[in-house]
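Each reported figure results from applying straightforward, stated rules to the coordinates on display, with no laboratory input. Just so it is clear, the structure is predicted and the values come from calculations on it, not from any experiment. A quick note on method: Cβ atoms are made from the backbone with ideal geometry, for glycine too, and the neighbour counts reach across all protein chains shown.
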């Protein structure tokens, strides 16, 4: 039931309220360059993801995530491993 | 699994030991210990001091088995987990020097983190490096090409054969640990702390600061590689034989309410945090708190590690009053890694003690004249500072003018301290050491302060250190990131911060840029901002200016304070538009 497209849409929906006003969130959106995420915003977002999907996102994934797509791909993998 | 108890029969000894290993030998005779909670607030690991001692001795035998010289550095990626404690104390028993390394990585920050680990490993000339499984891949990359005797996980370390010779723990004059100041990531400074030095500070903290009680229980989410996290909440509970509950910093950042839940659940009495930690709770708790927590056991809510502003703490106290939080529990303290940890503690059970001074005398004459509203009708409000208490026994403090004269009370100057817990120096950096530590033992703290009634009040920082969300950011790190771009030449970037009206610090980087093409300029700004977020996890405002704009000293060095003054002038005159600073400009009061 968790296709990549479903997960991507969920992630985008969770991110939308955290994005700077007027900024659209899409698959290619870069967390740092486009959404201006600092470390506290990242933590706030990961909390939402963990609560929504009831998983734990390992800290060591973050350094290799740049875009919404990178995040959705990792999330799909984590959900698949459950 | 059951957490270690608060109640126990071992008579309290207030850190009066010659070394850390002696302190652990004693704590191991009781039933208390360390407890580790996961991101959902569930107990994940329990490590009584007795078991910690056994396991540290075993790891020490393996460390000794590596045949390293005495005092060799053992780098530990300091994730909040039992293995960090095992290895930290193993070093104590084996006569090695543990070096906690940061375990904080930012989104997209892979390369930057590996580079940082490598710089630290090289700086301390580590012979051994241990990282938890989660960090192994980063450590592997960081040690590539370096000749370490061992680099791997605690599990892999168990394959090292044990030495057969008896262990010789570090003596009072030997180094207890090397602490990288939570400062520059690019130009690391490893503070050298001997056993005697740290034990002196621990005894003071326990006896005179915290005034430990046998039924105390500590709680901490502070990183183990941070001075307050390590000395205040790892070593201090152990040296006073009390149980402590840990939450990973990252899990606190994600769910700040876990700090309060765990205090409630375990009836903790002592917990510390930087002001930003309390502020984060206020931001994320939203709404009703009544019935969610019971904070009535929390007798000492320590505040330190950055300049303390009263307002967020007052909001925290108001918000959590229905949960039994006692505002008198707030205890301001002052210290730094260079002094092991603590220099001063405010008196207990009084709450935040404030000193309000007349703003003009402060700005123009650097004098802290008590503010009397009647004497200054229509002159606005006074400027309020938090009193950080009297220096711990054995500490001398002096407030000095820029010319080095010792200033009387209520005059602001640079704070110098001398006392029994001052570092021996920065590892391998004699010049840097001489810059801050005089042969007579006076340490230049780089902080601006005044004394009032013998109590210490910190007003700001003389050094250009930038503190955002409780993290120290060194301007040279921001400048180096800019200068690493092909468009920017060395010496063409100047970084500083200023305090906005709401009291928060904002980092600014002014860069001289030769390119006039607006698209390429925009691209350069965006790129540098992104690199700063990846490496340091903060937002920074980038201003590109024409050549020869940045002020220089006679010797050609950039003047950061000059660059800051010029920048603030441009903002006030409306020549620079910086989102977030506009309100400050309109308010017409850009604080220094």
**Report entry** Burial order of peptide ranges B:47-54, B:218-225 (average beta-carbon count within 10 Å, highest first)
**Finding:** B:218-225, B:47-54
Query raised in the report: When every alpha-carbon pair in segment B:291-355 is counted, what percent end up more than 15 Å apart?
Result: 53
Query raised in the report: So how do B:157-166, B:529-538 stack up, highest first, on mean other-Cβ count within 10 Å?
Result: B:529-538, B:157-166
Report summary line: A correct fewest-to-most ranking of B:467, B:105 by other Cβ atoms within 10 Å would be B:467, B:105
Report task. Determine which residues of segment A:42-58 fall in the zone a paramagnetic label at residue B:502 would reach in this model, i.e. backbone nitrogen under 17 Å from the point 7 Å along Cα→Cβ. Result -> A:42, A:44
**Report entry** Exercise: per-residue mean of other protein chain Cβ atoms within 10 Å, B:247-253
**Finding:** 3
Query raised in the report: How high is the relative contact order of chain A, in percent, with contacts defined as C-alpha pairs under 8 Å that are six or more residues apart?
Result: 41
Query raised in the report: What's the FRET efficiency of residue B:149 with residue B:438 using the Cβ-Cβ distance as r and R₀ = 41 Å, to the nearest 0.05?
Result: 0.65
Requested in this report: Using all C-alpha to C-alpha distances in the protein assembly as shown, build P(r) with 10 Å bins and read off the rounded percent in each one.
Outcome: 3, 15, 25, 28, 20, 8, 1, 0
Report task. Just the number, please: Stokes-Einstein D of segment B:420-494 in µm²/s, Kirkwood Rh from C-alpha pairs, 37 °C, 0.692 mPa s. Result -> 214
Report summary line: So, with points 7 Å from each Cα along the Cβ direction, the residue A:5-residue A:26 label distance in nm works out to 1.7
Report task. Out of all DSSP beta bridges with both ends in the protein assembly as shown, state the antiparallel percent to the nearest 5. Result -> 60
Query - Where labels lie 7 Å past Cα in the beta-carbon direction, separation of residue B:396 and residue B:283 in nm - result: 4.3
Requested in this report: Neighbouring Cβ atoms within 10 Å as the yardstick, rank A:43, B:336, B:319 fewest first.
Outcome: B:319, A:43, B:336
Report summary line: Quick calc of log₁₀ I(q)/I(0), chain B, Debye, one scatterer on every Cα, no solvent, q values 0.07, 0.08, 0.09 1/Å, result -0.43, -0.56, -0.72
Report task. Could you work out the per residue convex hull volume over the alpha carbons of segment B:175-274, in cubic angstrom? Result -> 94
Report task. Starting from the Kirkwood radius over alpha-carbon pairs of segment B:1-75, derive D by Stokes-Einstein at 25 °C in a medium of 0.890 mPa s and give it in µm² s⁻¹. Result -> 170
Query raised in the report: If you project the alpha carbons of segment B:395-543 onto the principal axes, what extent comes out on each, in Å, largest first?
Result: 57, 40, 27
Query - At R0 = 30 Å, FRET efficiency that the Cβ-Cβ distance of residue A:77 and residue B:156 yields, to 0.05 - result: 0.70
Query raised in the report: Taking each residue of A:31-38 in turn, how many C-beta atoms of other protein chains fall within 10 Å of its C-beta, and what is the average?
Result: 6
Report summary line: Length gained if residue B:452 through residue B:69 is fully extended, taking 0.36 nm per residue and subtracting the Cα-Cα distance, is 133.0 nm
Report summary line: Mean per-residue count of partner chain Cβ within 10 Å for B:95-108 equals 4
**Report entry** segment B:330-412 - Kirkwood radius from inverse mean 1/r over Cα pairs (Å)
**Finding:** 14.6
Query raised in the report: What number, in nm² with one decimal, is the all-direction average of the projected area of the convex hull of the alpha-carbon atoms of segment B:251-368?
Result: 8.8
Query raised in the report: Can you list the equivalent-ellipsoid semi-axes of segment B:1-157, largest first and in whole Å, using the square root of 5 times each Cα gyration tensor eigenvalue?
Result: 29, 20, 12
Requested in this report: Order the peptides A:22-28, B:38-44, B:488-494 from the highest to the lowest mean number of other Cβ atoms within 10 Å of their residues.
Outcome: B:488-494, B:38-44, A:22-28
Report task. Would you mind calculating the relative contact order of segment B:1-123 from Cα pairs under 8 angstrom and at least 6 residues apart, reporting the percent as a whole number? Result -> 21
Report summary line: What one gets for segment B:71-163 as the Kirkwood radius, inverse of mean 1/r over different Cα pairs in Å, is 13.2
Query raised in the report: Going out from 0 in 10 Å bins, what whole percent of all Cα-Cα distances in segment B:193-242 drops into each bin?
Result: 27, 58, 15
Report summary line: Expressed as a whole-number percentage, the relative contact order of chain B with C-alpha contacts under 8 angstrom and at least six residues apart is 11
Report task. Evaluate segment B:217-296: find the radius of gyration of its Cα atoms, find its Kirkwood radius, and give the ratio Rg to Rh. Result -> 0.96
Query - B:170, B:421 arranged by Cβ crowding within 10 Å, fewest neighbours leading - result: B:170, B:421
Query - Solvent-free Debye scattering, log10 I(q)/I(0), computed from the Cα coordinates of segment A:32-82 at q = 0.18, 0.27 Å⁻¹ - result: -0.56, -1.26
Report summary line: Between the alpha carbon centres of segment B:110-146 and segment A:1-75 the gap in Å comes to 28
Report summary line: Over the Cα atoms of segment B:394-450 the radius of gyration and the largest Cα-Cα distance (Dmax), both in Å, equal 11.7, 38
